[in-house]
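See below for the structure under consideration.
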Amino acid sequence: AQCGEGVDLQGLFALSRRDRVAGGAYPPAFHGYRLQELAHAAGPASLVKPAPGRTECRYAFFPGCRLGGANPAYVERSFAFLQETLGGAGILLNCCGVPALWAGEEARFQAHLERLRADWASIGRPTLVYACAACRRTLARFLPEIPLISLYELLAPAAGAPPFPELAVFDPCAGADLGEV
């Protein structure tokens, strides 16, 4: 929904959260859970590896933190598919950092982006294969130097190939205006 007066409500709300966080007037309960998820995804659950047997890779799978949280098998099966399809792929398990942005934690968000940039560079600056529309939006906006491609684009059968017998894709609100998703 757009404001009829052209006011950027999303930006206004983000500015308000940042201001309240900076002034100590924003209760952590509003975003505490998501920030804990970010801390877990960036801590013990994180992993940065190039393609097996290599020091760099052309592609790396970036499933985001929610896909594996929903069902780790989704990440494992998708990664296996990418290994076969792309002749090897690296993996970057982490969160895109958007919970810190949503919470108005600007310094935390910027630090997380720097870590993602460094992790990406450490495996050869590959194209990231994303599985989450929120991750795509965040990475494209704040790390535009990172090339991105949707996992779902790569899952699409080649022209003339038989269709998948069963496939379900959930496009959350964050993916509403992304034509390639």
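Yes/no matrix, rows are residues, columns are (1) in contact (Cβ under 8 Å) with a residue 40 or more places away in the chain; (2) aliphatic (A, V, I, L, M); (3) surrounded by fewer than 23 Cβ atoms within 10 Å (Cβ to Cβ):
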residue	(1), (2), (3)
N71	no, no, yes
S78	yes, no, yes
F81	yes, no, yes
A89	yes, yes, no
C95	yes, no, no
A111	no, yes, yes
E114	no, no, yes
Verdict on R66 being under 14 Å from the mean Cα position of the chain (by Cα) and open to solvent by 40 Å² or more (accessible area, probe 1.4 Å): yes
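Can you say whether T85 is β-branched (V, I, T), within 21 Å of R125 (Cα to Cα) and open to solvent by 80 Å² or more (accessible area, probe 1.4 Å), as far as the supplied structure shows? Don't jump to the end; show me each part of the working.
On the way: β-branched (V, I, T): yes; within 21 Å of R125 (Cα to Cα): yes; open to solvent by 80 Å² or more (accessible area, probe 1.4 Å): no.
No; evaluated as a whole, the condition is false for this residue.
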When you go through L154, L128, L101, L148 one by one, which is the residue that is under 22 Å from E56 (Cβ atoms) and buried (at least 19 other Cβ atoms within 10 Å of the Cβ)? L128
Of (1) part of a loop (DSSP other than H, G, I, E, B); (2) of a type in the set (A, V, I, L, M, F, W, C); (3) touching a Cys at 6+ places or on another chain (Cβ under 8 Å), C57 satisfies every one except (3)
In the stretch 106-140, the residues that are among the polar types (S, T, N, Q) and either in a helix (DSSP H, G or I) or within 18 Å of S46 (Cα to Cα) (or both): Q110, S122, T138
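The values are calculated or read from the model by the stated rules, or taken from the named source; none is laboratory data. Small disclaimer: the values here were computed from a predicted structure and weren't measured. With ideal geometry, Cβ positions are generated from the backbone for all residues, glycine too; neighbour counts draw on all protein chains shown. SASA here: full protein model, heavy atoms, side chains in, ligands and nucleic acids out. Shrake-Rupley method; radii C 1.70, N 1.55, O 1.52, S 1.80 Å.
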